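This report refers to the structure that appears directly beneath it.
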């Protein structure tokens, strides 16, 4: 279900530079966040609506990519956006180097977590 025009315009006015500033990254993140919140309310009533759940996952992925872009380009704006939209920060590093660092951290954890058991 799409966002009502009035609600969409309020979000654009709040986060955009002017009333027609819909392409701004922050505005796009805010609009997607509102859609995600509406869809989560929808799923409280319709638990078996799996087709819409796929759309929700796509929206979450798109918002995550936009947040990663904003984090790389303007860190202060990223932090302001998170607080304004009441979102949590993902602590994962961004980009290929970040994936490599995560892989190495997980590999290091696996080697430490294996207990040394003596066989008798």
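Rule-based calculations on the coordinates, nothing more; no lab input. Since we're looking at a predicted model, the values are computed, not measured. A quick note on method: Cβ atoms are made from the backbone with ideal geometry, for glycine too, and the neighbour counts reach across all protein chains shown.
Details
- When each of 57, 63 is scored by the number of other beta-carbon atoms lying within 10 Å, the sequence from fewest to most is 57, 63.
- With neighbour counts taken as other beta-carbon atoms within 10 Å, the residues 3, 29 rank, fewest first, as 3, 29.
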